[in-house]
Every structure is written in structure tokens, then in C-alpha cells.
1. Express in % the proportion of alpha carbon pairs of the stretch A:317-408 at distances exceeding 14 Å.
2. Kindly rank A:362-371, B:35-44 from highest to lowest mean number of other beta carbons found within 10 Å of each residue.
3. How many Cβ atoms of partner chains, on average, are near each residue of A:325-337 if near means within 10 Å of its Cβ?
4. Please identify the helices of chain A, taking whole runs of DSSP H, that span at least 24 Å along their own axis as judged from the Cα atoms and have a mean Kyte-Doolittle score of -1.0 or higher.
5. Let me know the charge dipole size of chain B about its Cα centre in debye, to the nearest 20, where only the beta-carbon of Lys, Arg (+1) and Asp, Glu (-1) is charged.
6. Shielding of B:27-34 by partners, i.e. mean partner chain Cβ atoms within 10 Å per residue?
7. When a/c reaches 1.5 or more, the comparison of a/b and b/c decides; with that in mind, is the stretch A:322-476 rounded, prolate or oblate per its Cα gyration tensor?
8. Only Lys, Arg, Asp and Glu count, each charged at its Cβ (+1, +1, -1, -1), so figure out the dipole size of the stretch B:1-43 about its Cα centre, rounded to 20 debye.
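Bear in mind these aren't lab numbers, they're just calculated from the coordinates by the rules spelled out. Nothing here was measured: the structure is a model prediction, and the numbers come from that model. A quick note on method: Cβ atoms are made from the backbone with ideal geometry, for glycine too, and the neighbour counts reach across all protein chains shown.
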Amino acid sequence: MNVYDQTAHQILAGIKSGVITKEKAASEVLGRLRAVNARTNAIIRHVDQVSFVQDGECPIPIVLKDNICVTGSLTTCGSKILEGFRPPYSACVVEKLLASGAGIVGTANMDEFAFGSSTETSAYGAAHNPWDLERVPGGSSGGSAAAVAAGEAVWALGTDTGGSIRQPASFCGVVGMKPTYGRVSRYGLIAFGSSLDQIGPFTKDVADNALLLKIIAGFDGRDSTSVNIPVPDYTQSLVKDVKGLTFGIPKEYFIDGIEPDVEFAVKEAIEVLKKAGAKIVPVSLPYTEYAVAVYYIVATAEASSNLARFDGVEYGLRRTPGALRKTPIIDMYEETRAQGFGDEAKRRIMLGTYVLSAGYYDAYYLKAQKVRTLIKQDFDRAFTACDAILSPTAPTTAFRIGEKTADPLSMYLSDIFTIPANLAGIPAISIPCGFDKKKLPVGLQIMAKPFAEETLLRVAYAYEQLTPWHKERASL
Amino acid sequence: MVDIKIVQYIGGLSRLHIENDKASGFAKNLEDILQYAQKLDTLDVSNVKPTSHVLNVENVFRDDVVTPSLTQEEALAFAIEKHNGHYKVPKVIE
């Protein structure tokens, strides 16, 4: 098997037994990136040679989403406004990865400021799905997902505010996890929606996901939302046994608009787990249908505030109009932001500003925060009757490039099954569970209680051991 | 109803210069999304508390000790324009 098609645990076994060196493995992966990236555009910058800064147990080639800071390396959030920005410090997850021995291969493409579900809003051009280059890889971490699916990296980090890890993992046939809010430090992550954002792992299989989560999880005093509870050894959760576990199936996630092939694959996956000894029960999450509306109020409100810092004063882009419009400094702010942000970023900044503005705060923002409470209570109630909830990750497989760009609302609705986990702060994982008739991957989403990542990994691992999907690779 | 005038007003609050030829497109997008959001109005939430943080975590403080941080030089290393150890911007006060 090609090195670039292998998982990290296979490569690590190869290194241990002397079959391959970490340098050789990294150069094979970099070679693959050079061979295919012109077609995927998954990676927007890469190194000439992978360097392993520190010795550690996991010398694995990894790519980082373009919103994770690395000291002195260009970090641009897929936006023109951060043109030339080189952070003076590294993210906590980067420090942890380097300490584990990992080598950074490059930077993954993303929707501008993570605003999107298709990686089409990137200032660096759209990324393409390795299973069908005419289709999107999902988003906003589409570059991370496509890179792992195409063998351009063994691992990738992404971020998930409303599904931005799980939906692209589903579209690209890889494993992607959004950990519990507070599980992974966001120090050094460029913020989008601060009550929702979480960094998480993309890998080719569940065992790798446990390994990478173990490296990046944990308390960090530099992130006040980071939670100070011990990190379990997630690799201990890789047990092929679901007996005694109860899984809830929410009827609100099997609705009109879900593609028949997706519904079929997910229902087959539920059967596999049932046959393996799990108990399957119906559960109800009645406020699901309000989640998208809540999300696009809360997330844009937070984004409009977080993105106020990009104003041409300190770093990145600075532009001034030819003729005086208001005052020199206000003209500079307004022109820099007009030229630096793309249309979707402008749309979300304006929407967020609108829902927070005088006279509309109570009607939109406060109301959305209250409905968010109801959505969270849905999950609290459901988890009294089950250990995990199973659903499709997305209602469809990967859609065509350009298919949804003219209609922002239809793009937003593609996140309908992933948004609730962010609003409730719970962990969720997407794993491959089959293909549609066009040979596009389908994802199974597993959700669990806060800090129950071990349950997610156990269920995902047991399913994976019983099915062949994770062994399939896109042909490029 | 979100019209061009409202878009220009929100653009101003957001410090975004919106060209006139783009304002009507944005007005339609914002109107569509806000219309969609009105489905929340069908719910009675008068007795529901708002959620701004999903975990029951409050008053997170660290010990008040000085630790190494960026030097002025490091912080300004990638400044767009600088002068005497400060960021330089266009004239603010006439």
C-alpha cells in the first residue's frame, strides 16, 4: 500500500519495525501533495521539506486549517484581509502537536473565516472533492477533509462552529470529530463564533482519531473556556463491543429533503450496530427545526464582534479610498474591510450587526439564546434514555461546485443536522457509512453527552471494525 | 423589510463601505434570512432563560502572576506601518 494511503497507526508501526523512517514517510506524503493538489486545491501553502521540530511518539505529517496560528507562518483564514499576516505566537494545539513529534506539511484551504459549507468562499479559490472533482469537499474545513481523503496529509486539524468538521468529513469519506466545547484549547485559533467554535481531528480511521484527540485535548489556562478535567487515554476506548449500549434515533433527523441513498446507508449502519448487540430506541429532539435559525443569529452576532478587529490598523491588509468620504481613519477602516472581506463575510457581519443593533436585540439575539436553551434541554432529556444518538451527518452527499452559491439560505440549510451539537456544546463524530449511487461517501453522525468522547470513539470503532468503508480511497 | 437604506446604515455600523450596486443584493439576502428566522416567533419563550455559555462554568480566573509575553518588537514585527514603537494610522484628530 502507498504510504500516503496509510493511517498514522500503520505508519507508526512501520517506523517502529524499521520498514520506513519518519522522513521517508513525510516525503512520500509531500510527493503525493505535489502530484494531486493542483486538482484538489486542498492545500494553499506547503513546506519544501517536512521538519520534525521535536522528537516524540507521533512523527506524523499533518496539515492545519488556515485559521490556526503558527509562529512566523502565514495564517490568513482564507481571506484577503489577512494577506501577509504572520502570527507572533503559535496555537496551543500546534505546541502540543510539535511536542508529540508531528511535522507540519502545510495549510489547508477553508471558507473565508469559516463562513461556509463548501470551501467555495475561500480567497484562494474553491477546494475540490477527491471523490469527484466537480463537487465540493464540504466546509468550512473542506481543505482539511480533502487533504486527508486525497493522501496529501495523514492527519489534519479543522474547526467546527456549526458542522465545519463533520460535514466535510462526511462529504470526503473520512473521520472527523467535534469535541465537547472546552475540551480542546482555542488559544491561537482565529475566532468565529466564540460560544460555538471547537478545534478537532480529521483522520482516515477511528483509531487515528483517538490518537490525535489525545494529543490536542486538555486544559490550557490561556483559554478561559478550556475545561480543567483530566484527558482520558482515548486509545483505550477502541473496543469492538457495543453490547449494553443504547442508541437513540431522533425522528427529526429523518425528514423530507434527506436523500434516499443517505437515509438507506444510515439505516443500514443502525442495523449493523443493532446486530452487534446495541439497543436501539426512538428519541425526540423536538426543537431541531429551529436550530438553523438560532445558529445564524447567534453565530453571526458573535462573528460580527470577533471580526471587528480586522480594520487595517495592526496587521494584514490596509486600503484607503482615492477621495475623502467621511474622515481619513474611518475611510481607512471601511475601505480595508470592503476590499479585504468577501461577500459571504460581509453578509454575516451585517446580519450579526443587525441582530445586535438597538431595537432588534431582544427580537432576534435574546430570543435565539432562549431557543438555544430549549435545544440544549432536548439533548439533556434524550441522553437520560440513551448513551448516544445516531443520525445522518448531512442530508445529502457532496453537491456540485456552484450549486448553492447563489442562494445563501439553501447553503445554510445543509448544516441542519450538525448545528444542534454546537448549540448544545456536545461532542459529535462523523464516520464513513457507505456510498450513494454516484460513489460519493455518506457519513454517520454519532452524538454523546458532554465529555463523552470515549463513547463516540467506542461506538465508531465497533462500527468501523464491522464494515469496509474506511478502507476505501478516492482514486486521483 | 430590509432595503438599500438599511443595508447602508448597517454597513456603516459594521465599518464596511458597501457599493450601491451591491446593496440591493445584500438587502435581498438579509431579508430572506431574517424572514426565515421569524419561525422563532412561533415559540413562547417568555419563561425560558437565555444560554450564552453551554457549560456551567463561571468566573474563570488565573493566578495574577507575571509570565513572559511578547516584546514590543515581536508584537510589531508584522505591523502594517509603525512609528516609534507604535502602530501608525491615518490622522484621527484634525
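1. 80
2. Listed from highest to lowest mean packing, they are A:362-371, B:35-44.
3. Averaged over the peptide's residues, the number is 4.
4. Counting only whole DSSP H runs, the qualifying helices are A:22-40.
5. The dipole magnitude comes to about 180 debye.
6. The mean count of partner-chain Cβ atoms within 10 Å per residue comes to 5.
7. oblate
8. For this selection, approximately 100 debye.
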